[in-house]
Amino acid sequence: MQPTSIHDNVREHYAERARNAASCCGSNTLYDDRLLQDLPSDISSFSLGCGNPITTAALKPGETVLDLGSGGGLDCFLAAKAVGETGRVIGVDMTPDMLAKARGNAQRLGYPNVEFREGYLEALPVDDATVDVIISNCVINLSPDKPQVFREIARVLKPNGRVAVSDIVTNGELPEAVQQSMAAWGACVAGALTVQAYARGLLEAGLVDVRVQPKDTTDKWLAALPIGVPFSATITARKPRADEQPTGEMPAGVEFETVGALTIDGLDDLIGRVVDMDSIEGGYDLRLAGDVAEMRAKVAELQRAAGCCSPLKFVLVEAADGAHLRVTNLSASAFVSIDSLN
Ligand SMILES: C[S@@+](CC[C@H](N)C(=O)[O-])C[C@H]1O[C@@H](n2cnc3c(N)ncnc32)[C@H](O)[C@@H]1O
């Protein structure tokens, strides 16, 4: 396979992340603490993912798992525990610095059932029909040829094998300037597919039971987003059994209103769930509907609910078309300023 300039740029971006790992990490909030408790903190905190494909995958002892874009190896180590000594886990990554880090971690942990292979998602170094479960965490969006990645997924899965992926998707086409930005590509934004394109791509590769859902399952506030913003999603699918015909049927998609607005009720809902808002991948600009003074008080309440040390910042902005709630996640790796999206 001939790597493209996107591969080269993305590789350089993640080589840098692997080399500077020691200074990058705080605690890992993507997973339940109980999942991580047996791992050394430098391994459990080194995640560049956007979700938790391990819980979605519901792995069983004896299964063979393939992790696409395995990075420092965290999901592989969690999968290795779940499938036990009768199962095996293969991590594939194209970045030698990441592979070195993952292999070093594996050696320290002494897991006998994990291996890391150098390779591309678009040409997986894995035999046909040998994998029970494919997992991946915030990687497929980085590929310049997603239809080929989806075909490779279908090739290496066993019949009835399943897909459990966390990835960044969008609720509409990203602005052209964002799509062309290499920095935004490396940050898991520019290459993100729309929910519908993701589902269509998996179906066209011959998979069934395709679901693409926001990680945060309540879409009350997603409905108020402007079109063309990235967010974390959980993606599941299955390869048909040998005796089963793929239907090619589009799943009931996540529908977004073109112009929605958050009401006081919606703000109350956000206050109750502010701790779950880590799926925000940068900044969102939510339109508000209602009395501005009342809204301003609610926004202040929202900031208090987040707590003083939260990376989430909530500001009420009065624009020509009315009040907006501007939400910024200062710790998000995939920050896209609202101005660049407008
Ligand atoms: C955002 S990081 C995620 C790493 C890991 N899954 C995690 O959750 O920490 C993306 C990883 O995918 C790898 N990657 C990106 N595009 C790839 C491609 N086309 N083929 C193989 N690996 C790729 C990068 O080298 C990097 O290690």
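Just so you know, all these numbers are worked out from the coordinates, no wet-lab data involved. From a predicted model like this one, the values you see are computed outputs, not experimental measurements. Here Cβ is always computed from backbone atoms with ideal geometry, including for glycine, and neighbour counts include all displayed protein chains.
For region 5-238, the square roots a ≥ b ≥ c of the C-alpha gyration tensor eigenvalues yield an a/c under 1.5, which makes the shape rounded.
For Lys313, the lysines whose Cα comes closer than 26 Å to its Cα, not counting residues fewer than 8 places off in the same chain, are Lys215, Lys220, Lys298.
How far, in nm, would the chain grow between Gln213 and Glu118 when pulled straight, counting 0.36 nm per residue and subtracting the alpha carbon separation? Could you put the intermediate results ahead of the total?
Numbers: separation 95, 0.36 × 95 = 34.20 nm, distance 3.01 nm.
Here the segment from Gln213 to Glu118 would lengthen by 31.2 nm.
Computed from backbone phi, the HN-Hα couplings of region 138-152 come to 6, 10, 4, 4, 7, 7, x, 9, 5, x, 5, 4, 5, 5, 5 Hz, rounded to whole numbers (Karplus: 6.51 cos²θ - 1.76 cosθ + 1.60, θ = phi - 60°; Gly and Pro given as x). Close amide H contacts of Ala129 (hydrogens built in the peptide plane, cut-off under 5 Å, sequence separation of 5 or more or a different chain): Val156, Leu157. Take the Cα of Ala58, go 7 Å toward its beta carbon, and the backbone nitrogen atoms of region 119-135 under 19 Å from that spot belong to 132-135.
With r as the distance between the Cβ atoms of Arg296 and Asp127 and R0 = 51 Å, compute the FRET efficiency 1/(1 + (r/R0)^6) and round to 0.05. Please list the in-between numbers first.
Values: r = 60 Å, r/R0 = 1.18.
According to the calculation, E is roughly 0.25.
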